[in-house]
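Have a look at the structure below, then the notes.
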Amino acid sequence: MKRLTPAEKIQDDYEAKLVSADEAVKVVKSGDQIHLGLFCGVAVDLERALAKRAEELTDVTVCTTMWSYKEPPEILKADPGAKHFHYCSTHLTGTERKQNKAGNCWFLPVQFRENPKFYEECRETFDVAMLQVAAMDASGNFNLGPQVAEYWGVLRNCKKIIVEVNQNMPVNHGQENYLNINQIDYIVEGSNSPLPTISAKEASDAEKKMAEHIVTRIESGSTLQLGTGGFPNYVGKLIAESDIDDLSCHTEMFVDAYLHLFEAGKLTNNKRINQGKMTYTFAMGSKELYDWIDDNQMMQVAPVDYVNDVDVISQNEKMISVNSCLQVDLFGQVNSESSGLQHIGGTGGQLDFVMGAFKSKGGKSFLCTPSTRTLKDGRKESLILPVLPTGSIVSTPRSAVHYIVTEYGAVNLKGRNTYERAELLVSIAHPDFREELIEEAKKMGIWKTSSKVVNA
Ligand SMILES: CC(=O)SCCNC(=O)CCNC(=O)[C@H](O)C(C)(C)COP(=O)(O)OP(=O)(O)OC[C@H]1O[C@@H](n2cnc3c(N)ncnc32)[C@H](O)[C@@H]1OP(=O)(O)O
Ligand SMILES: CCCC(=O)O
């Protein structure tokens, strides 16, 4: 028999494992635990094929980290009463929030940096892991694209792996970011769907003022973590226009703000660890961001238990972390996850970066919210509250919180006692609510007769 060259052996393996999406999902049985993939790597063609089997399957648990498409997953459309599939997400997007309200999507609380261990040790073994990957290279390796995050926790604790090849998946340089053909059970050549994109929303007037309070507190030579949404992107824009320079990127989520900062010549990545690299655990943004990532040696995507590790984050000096939250109480407890009993989103890596930034020499974390929001009936509600309402989740505890920012200022709660915190927080509340907050603080025993509202 003719001996195959290594390249021929790889090609033979590829052809032996190549099946259609409908064929591949036949491996799923009632009662199975499935992982659908992460961020831009969710296996959309396999998910669609699985949905076609809704009527013949029961009790199938399907996990993902976030569903980033406007259209809900097909398995939920095919099973509106959640009789066949139990869909779980660790960070709800707007699409998933609607499904959560309808009782079709369950939230899985996690601390993002712990996710690999959590999937490897704390949940049932996955029967099938499905994920989108880039086209195979000559060595039989499939690049995981712009996300590694908790993949290895899932892949080390699963029975079968099905990859869906997407020719549009950018090849992302980094660490632990390839799957070899030997590790894979089935290969599906997918429909090469475009990656999900998020476009930054226009920042509101309050957000623009909040960004100004932050930018005046950032020094040249800092390393930046910017979160999701219009607000962190606006912070990036202001920095790009400022005279702050020599900045570095070490972030959980890689967003368009970094592309703008790079184009403005602000990002040197002259940091202490991973010099010269943009370090992150997943990327989500525009098509331009994905094109910039593709086969770019400057990029370093890496597992979340490395990127979000408090000790790793803190090795870079002047670590700056900027994230949004929903409510803050006068003790300094921060809710970033719920509106009363209504679930909004996950805590993600917020606490990881709050702790990592404070541990870094000269580091600062900023948790930001407009001082008020307008309710459906037109009334204004203060987002600085005496205490968090029933059902609110403490995402960042008062013991960890550093700067809180509203459009009225940024206050540093570290080292401040309870009545000083109340004073500082009242000083950045909306003026219409300050008197009311002072009266409540008095009843709570955290307002001294000498207390006054000060601007920090
Ligand atoms: C991915 C990263 O950010 S990495 C950084 C670390 N991770 C984190 O900080 C995670 C925690 N933070 C978050 O999840 C988000 O920043 C949030 C939820 C706090 C804000 O998200 P954004 O996308 O900026 O806010 P946006 O204004 O779009 O609001 C999202 C939803 O919350 C609702 N919402 C916003 N503010 C409030 C509030 N104060 N009270 C109640 N609901 C609110 C909105 O109505 C919207 O709901 P809908 O889509 O169902 O209509
Ligand atoms: C999935 C994690 C996203 C976040 O940290 O907000």
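Out of curiosity, is Lys117 more than 16 Å from ligand 1 (Cβ to nearest atom) and more than 24 Å from Tyr178 (Cα to Cα)? Criteria not met by Lys117. On inspection, Ala206 does not qualify as in a loop (DSSP other than H, G, I, E, B) and crowded, with 19+ Cβ neighbours inside 10 Å. Going by the structure shown, is Lys237 away from ligand 2 (no atom under 16 Å from the Cβ), crowded, with 18+ Cβ neighbours inside 10 Å and part of a loop (DSSP other than H, G, I, E, B)? No: the conditions fail for Lys237.
Scanning the stretch 122-160 for residues that are open to solvent by less than 10 Å² (accessible area, probe 1.4 Å) and over 29 Å from Glu288 (Cβ atoms) yields a total of 6.
The criterion of being within 16 Å of ligand 2 (Cβ to nearest atom), open to solvent by 60 Å² or more (accessible area, probe 1.4 Å) and closer than 30 Å to Val163 by Cβ does not hold for Thr197. Checking the stated criteria, Leu247 turns out not to satisfy the condition of being open to solvent by 10 Å² or more (accessible area, probe 1.4 Å), within 20 Å of Val215 (Cβ to Cβ) and more than 16 Å from ligand 1 (Cβ to nearest atom). The single residue among Asp309, Asp295 that is of a type outside the set (S, T, N, Q), surrounded by fewer than 21 Cβ atoms within 10 Å (Cβ to Cβ), touching a residue at least 12 places away in the same chain (Cβ under 8 Å) and within 16 Å of ligand 1 (Cβ to nearest atom) turns out to be Asp309. Of all residues in the stretch 259-288, those satisfying the criterion of being within 16 Å of ligand 2 (Cβ to nearest atom) and of a type outside the set (S, T, N, Q) are Tyr280, Phe282, Ala283, Met284, Gly285.
Give me the strands (runs of 3 or more DSSP E) completely within the stretch 1-112, filtered to those with at least 1 residues that are open to solvent by 40 Å² or more (accessible area, probe 1.4 Å) and either within 23 Å of Thr197 (Cα to Cα) or within 16 Å of ligand 1 (Cβ to nearest atom) (or both), ordered by residue number.
Numbers: elements: 33-35, 60-64, 85-89, 105-107.
Strands (runs of 3 or more DSSP E) meeting the threshold: 105-107.
Within the stretch 367-393, being within 16 Å of ligand 2 (Cβ to nearest atom) and open to solvent by 10 Å² or more (accessible area, probe 1.4 Å) holds for one residue alone: Ile393.
Return a yes/no flag: does the stretch 174-183 have any residue that is over 24 Å from Phe118 (Cα atoms), part of a loop (DSSP other than H, G, I, E, B) and either open to solvent by 60 Å² or more (accessible area, probe 1.4 Å) or in the same structural domain as Glu71 (by TED's automatic domain parsing) (or both). Looking for residues that are over 24 Å from Phe118 (Cα atoms), part of a loop (DSSP other than H, G, I, E, B) and either open to solvent by 60 Å² or more (accessible area, probe 1.4 Å) or in the same structural domain as Glu71 (by TED's automatic domain parsing) (or both), one finds none in the stretch 174-183, hence no.
Open to solvent by less than 30 Å² (accessible area, probe 1.4 Å), within 17 Å of Ile320 (Cα to Cα) and either outside the structural domain of Tyr69 (by TED's automatic domain parsing) or within 16 Å of ligand 1 (Cβ to nearest atom) (or both): which single residue out of Leu289, Leu267 fits that description? Every option except Leu267 fails the conditions. Scanning the stretch 209-231 for residues that are out of contact with any strand residue (DSSP E or B) (no Cβ under 8 Å at 6 or more places or on another chain) and modelled with pLDDT of 95 or more returns Lys209, Ala211, Glu212, Val215, Thr216, Glu219. Checked against the criterion of being open to solvent by less than 20 Å² (accessible area, probe 1.4 Å), on the phi < 0 side of the Ramachandran plot and either in contact with a strand residue (DSSP E or B) (Cβ under 7 Å, 6 or more places away or on another chain) or more than 15 Å from ligand 2 (Cβ to nearest atom) (or both), the candidates Gly363, Gly345, Gly340, Gly332 yield just one match: Gly363.
The values are calculated or read from the model by the stated rules, or taken from the named source; none is laboratory data. Just so it is clear, the model here is predicted, and its values are computed rather than measured. Counting neighbours? That spans all protein chains shown, and the Cβs are built from the backbone with ideal geometry, glycine included. All accessible areas refer to the heavy atoms of the entire protein, side chains included, with ligands and DNA or RNA removed. Shrake-Rupley method; radii C 1.70, N 1.55, O 1.52, S 1.80 Å.
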